[in-house]
Every structure is written in structure tokens, then in C-alpha cells.
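Data first, discussion second: the structure below is written as C-alpha cells.
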Amino acid sequence: LVILKSIHFTSNVTMKQLSVFACVVCLIMLVSCTGGSTRSTEVNVLCSVEEPWCKGMAEQFTAKFGVKVNYVRMSTGEALTRLRNEKNNPQFDVWWGGPIDSYIVAKHDGLLEAYNSPNYGNLRDPAKFKDPDNFWGGIYVGTIGFATNKNWLAQHPDVKPPESWDDLLKPEFKGQVMMAHPSTSGTAYTVLATMLQLKGEQAGWQYLSKLSDQIQQFTKSGTTPLAVVIKEVAAVSISFSHNIIFSRNEEKAPIVLTFPQDGTGYEIGGVAIVKGAKHADVAKMWLDWFMTPEGQLLAFKYEQFSAPTVKGADPLYPELLQAKLIDYDFVWAAEHKDEFVKKFTQEIATADNLLK
């Protein structure tokens, strides 16, 4: 104030003009000291993993970073539809979980924002576990396997657990196989794309048509088939092996895990920033965190045992990586997803009566 009065008395500048000048200077200094912005205090997460993991990681993130996490849990197919519907007014900041096939489609549809995380250097295989243009990162790997109910096998001593895709077509498994529907489940679409790549498109569609005749009922979620088999309502589920291992080892469910010896598909679970995110700064923090051993290993706490993608985070069950994997083409699967799901729904199995 003394300086301003001195300037006022020694120049033609009025005190009012000096006061405005001083306010502007103070404002500039304030912005400079705070880095030009204030960090968001919340983040909206579209979650496509299981509910306990969604809830647990939301709580962990809040405890670590002091940011409120609002999340909605949806299957991968539902999540993609939601993002499409909200493209012009996005309600989520980050999409987390579910196979990257859908993330590749979302990238193509302009639903994601590129972000080059400084923690991508932690990935075991950056060429495989992240988008080349940095629109998504991979946070876990899961392989498709079969879960067969041991009690059902005991009641059918002449039947062995399936060890190939063609085994599922045997008469003894008629009406005893459970699988999700690819219109709502990323798990199921992985199965569909696996068949078309393993057998070729023509033979693959023929196989899927025969397989549908063996299905007791298609489900909405990719985890429901396993729950049905554990309850002995059906004999075999086509599921991700980490879910099967968890149920077998942790819940002592009466099931046996087998892998198709002719090869199986797999998923890479993704995470991405939603284009137009209102809290993009915290969304980036969320993605960065999941590119660290700390962020990925917390999955085990919430009974999620898929294999991590970063160095320094080892899978709890190494047998998850022992299956014979096909050369799964994620980009091809993503590019044809809408076409293949439509064909499956119209020509093989409608999505009108899915088991929830």
C-alpha cells in the first residue's frame, strides 16, 4: 500500500488504476503458485470388473489420493453402449476393466482420449499390453477355460471333463453347457472370436451353431455360467480360468479346470481415459496407478487372480499362463465385433431371454 501511494504521488496514475493493477498482479501470483489449476476432488469410473473389485479399488484410491470415486459397474458390452450413447455429454472419466476388443472399438468410435502414461515403462510387453497410440493400457491377462462340476462327473462316470472345443459337442453334454452371450459379455465375445480365428470363419460359424444346441441358456454376464455350474444346474461352463481357479481354490467349489488342448483365446483387460472427461486429471492418476505393481497386486485382495501385466507383479497362480494360446488378433476381433455379434444374435442365438 505504501508503494502504491508513492507511485500515485509521483505520477499521473490514479489510486483506482493502481488498485486494479495490484489485483491483477496478485491473481497472477496466485495462479502461478497453484500451478495454474486445482486438482479435481472426484472421479467417475465406468467399471467392467466384478463388483467387489470395483468397490475395493474405489476405496483404496480414495484412501491413497484423497479423491472421491463414483463408479458404476457394467459388463463390457453394456459399458461400450453407454459410452456411445453419452458421446456428446460423457458422464464418466475413466473406463476400467473388460477385454480390450471393446476398447479398440471405442477408440475407433472416438470415445477415448490418448494418454501416454509415464508408467507404461513398467509393462512386461508394451507392444502387446498397450495401444500403439496410447488410447488404452492393459492391466491383466486372462485365458478361456472349462469348469466342470465334479459331482456331475461322479454321477456320469463314463464322462470326462472336456479337453478340446469339439468335446463340448459330445452328446453327453447336450443341454449341460453354460456360456454368456457376446452381445453383453466380453468373455463370450472372446470365445466367439477365438473360434473364428482357431477354425477359420466358415468352420467357426458352423461350430458356434452346433455349440448353441448344447447350451442350456445364454447368460448376460460372463461370470454367471460358472455360478450356475457350481450350483449343479449345469455341468460345464466356458469361463475365464482365473475365475475358475478362484472358485476352486478359494471357495472350495466342486469344479475341475481344463483347457482346450487345441488352443484357447485370451483377454487383456484394459483401462482408458474417456474423451471429454470432466475430471481428466484424476482419471490419468487412476490409469497411472494401475500401471504399477501396487495397483495391480491389490486385485488379489479382492479375489481377482488374473495375471498382472507389469514387471514386479507376479501371478498368484502361475498355471493361468500354462494354457496353449492361439495367436489371438485383438485388432481384427475389435474391427469385426459389431458385425460378428449381430450375426451371432440374428443367426445363432437371440439375446431376448438371457439369464442374469
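The values are calculated or read from the model by the stated rules, or taken from the named source; none is laboratory data. Being a predicted model, the structure only gives us computed values, none of them experimental. In this analysis, Cβ positions are derived from the backbone assuming ideal geometry, glycine residues included, and neighbour counts consider all displayed protein chains. Protein only, heavy atoms only, side chains kept; ligands, DNA and RNA dropped before computing areas. Shrake-Rupley method; radii C 1.70, N 1.55, O 1.52, S 1.80 Å.
If you take the Cα centroid of the stretch 286-356 and the Cα centroid of the stretch 172-238, the two points sit 16 Å apart.
Spin-label model, Asp281 to Glu319: label points 7 Å out along the Cα-to-beta-carbon direction sit 4.8 nm apart. Here the relative contact order of the chain, from alpha carbon pairs under 8 Å that lie six or more residues apart, stands at 24 percent. Give me the aspartates and glutamates in straight-line cross-link reach of Lys284: C-alpha distance below 13 Å, same-chain residues under 8 apart excluded. Partners found: Glu42, Asp93, Glu113. By accessible area, using a 1.4 Å probe on protein heavy atoms only, the chain has 54% of its surface on carbon and sulfur. In the structure shown, the pairs Lys107/Lys174; Lys199/Lys342; Lys55/Lys342 are assessed against 28 Å; a Cα-Cα span above that value is assigned to Lys107/Lys174; Lys55/Lys342.
Cross-link partners of Lys220 among aspartates and glutamates, defined as those whose alpha carbon lies under 12 angstrom from its own and excluding same-chain residues fewer than eight positions apart: Glu78, Asp352.
Annotation: per residue accessible area for the chain equals 46 Å², rounded to a whole number [probe 1.4 Å, protein chains only]. Label separation (Lys210 vs Lys64): 4.8 nm, computed from points 7 Å beyond Cα along the C-beta direction.
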